[in-house]
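FYI, it's all coordinate maths here, none of it is from the lab. Just so we're clear, the structure is a prediction, and the values are computed from it rather than from any experiment. Note that we place each Cβ from the backbone using ideal geometry, even for glycine, and neighbour counts take in every protein chain shown.
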């Protein structure tokens with residue numbers, strides 16, 4: 001009995017201590033990590049979504065509040081003068097959350113381009129969602145009336161063979177983007193001037 | 001004392017150099033040694049974890065009940081691995097992207113758990129740090145050496161740190177694509193082990 005108690009106490013103290021230490025370090029590095037993600041993940045994605053933007057979408061970013069959480073919006077002015085926004089949504093993949101940056105034209109409600117940002121997918125399998133541009137390229141030019149589910153689920157998106165879970169995560173992120181956009185469009189237009 | 005300290009430190013550099021002599025921790029060795037830079041990054045991350053987990057386990061060696069010792073070791077190791085992961089994301093994000101999934105996998109690296117069980121749980125903190133540092137440096141050196149061979153033959157470049165190559169083979173060099181793939185790591189590892197045995201033979 002004494003030995004049992006001893007084991008329970010040692011393990012509890014150890015895990016509690018490690019939890020406390022990790023949460024302290026997490027909160028200490030959160031801002032830095034967010035800046036790094038912005039620089040190395042979001043910035044390249046946005047550069048590919050708005051290759052000919054005449055403004056600086058990164059510098060002009062702003063937040064809109066939805067259901068208590070903040071969504072970062074990157075406004076872009078396209079070469080032909082029409083306005084667009086890009087923002088990131090998350091779906092759940094094989095190794096954790098997958099971020100999808102979606103650019104939507106505010107005038108036509110069409111997706112301009114989409115790019116995968118942060119992910120933890122299996123190298124060589126799930127990572128094709130990010131590296132093989134023909135997969136995320138499917139979203140380009142699609143209107144928001146499109147069903148972004150996978151083809152196997154009566155949608156219009158071709159899954160990557162061998163990486164169904166990853167593909168589904170991306171498709172869920174796209175569906176979420178559509179939903180958020182439809183809900184937040186008035187708010188976004190108000191803020192974008 | 002000083003003599004045994006030096007002994008514990010230097011054994012990791014040759015006599016018990018992890019991937020070659022102990023043949024442990026092969027998963028990261030095979031996966032990340034596509035370039036010297038990746039190898040050094042992985043080695044430093046592992047060294048950090050080794051030093052701190054060895055230190056903590058050695059300090060707690062009389063408190064941790066032997067029946068749950070493995071669980072305690074894993075908690076300690078996982079904590080330090082998560083710290084490394086967060087720090088790498090905050091300060092060396094590009095390297096973090098290249099090493100990706102293999103950073104969290106340090107938790108199940110046999111070298112770290114092996115040193116905890118075989119050394120830190122039986123020795124004092126100072127010796128344990130020396131042991132962790134030695135084994136970690138040995139691991140870093142082996143990864144860098146294997147990375148150098150594979151990068152030089154497979155890609156024709158050598159990149160020590162920061163993404164810009166310090167040496168290039170020139171346009172007339174045709175890279176062996178094979179050396180960058182996983183089988184190249186096995187062949188490279190085997191040849192290096194063979195050479196080490198040849199040198200060490202009395």
- Task: Starting from the alpha-carbon convex hull of the protein assembly as shown, give the projected area averaged over all orientations, in nm².
- Result: 25.8
- Computed label-point distance, nm, for sites residue A:107 and residue A:125 using a 7 Å Cα→Cβ extension: 4.5
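Which value results for Rg/Rh of region A:1-65 when Rg is the Cα radius of gyration and Rh the Kirkwood radius based on the inverse mean 1/r?
On the way: Rg = 22.2 Å, Rh = 15.8 Å.
Checking Rg against Rh, the ratio lands at 1.40.
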- Arranged from highest to lowest average of other beta-carbon atoms within 10 Å per residue, in what order do the peptides A:17-29, B:3-15 appear? B:3-15, A:17-29
- 0 to 90° range, to nearest 10: angle between helix B:36-59 axis and chain B longest Cα axis: 0
- Residue-averaged beta-carbon neighbours from other chains (10 angstrom radius) around B:96-106: 2
- Task: Enter the angle in degrees (range 0 to 90, nearest 10) between the Cα long axis of helix B:182-200 and the first principal axis of the Cα atoms of chain B, meaning the one along which they spread out most.
- Result: 70
- Message: Over region B:2-145, what portion of Cα pair distances is larger than 22 Å, expressed as a whole percent?
- Response: 34
- Query: Taking other Cβ within 10 Å of each residue's Cβ, how do B:151, A:34 sort, fewest first?
  - Reply: A:34, B:151
- Message: Per-residue counts of other Cβ atoms within 10 Å, averaged by peptide: what ranking do you get for A:164-177, B:18-31, highest first?
- Response: A:164-177, B:18-31
- Query: Considering the zone a paramagnetic label at residue A:69 would reach in this model (a point 7 Å from Cα along the Cα-to-Cβ line), which residues of region A:30-57 have amide N under 17 Å from it?
  - Reply: A:34
- Message: Taking the 0 to 90 degree range and rounding to the nearest ten, how far is the long axis of helix A:164-192 tilted relative to the main principal axis of chain A, both from C-alpha atoms?
- Response: 60
- Between residue B:117 and residue A:23, with labels modelled 7 Å along Cα→Cβ, what's the label distance in nm to one decimal, could you check? 3.2
- Message: Please report the antiparallel percentage of the DSSP beta bridges confined to the protein assembly as shown, to the nearest 5.
- Response: 95
- The computed P(r) of chain A puts the percent of Cα pairs beyond 28 Å at 35
- Under 18 Å from a point 7 Å along the Cα-to-Cβ line of residue A:54: which residues of region A:104-122 have their amide N that close? A:105-108
- Checking rank on B:35-47, A:101-113, with mean other Cβ inside 10 Å and highest first, the result is B:35-47, A:101-113
- Note on the structure: Per the Kirkwood formula over distinct C-alpha pairs, the hydrodynamic radius of region B:86-158 in angstrom is 14.4
- Message: Just to be sure I understand: of the beta bridges DSSP finds with both ends in chain A, what percent are antiparallel, rounded to 5?
- Response: 95
- Task: Compute the distance in nm between two label points, each set 7 Å from the Cα along the Cα-to-Cβ direction, one at residue A:176 and one at residue B:62.
- Result: 5.1
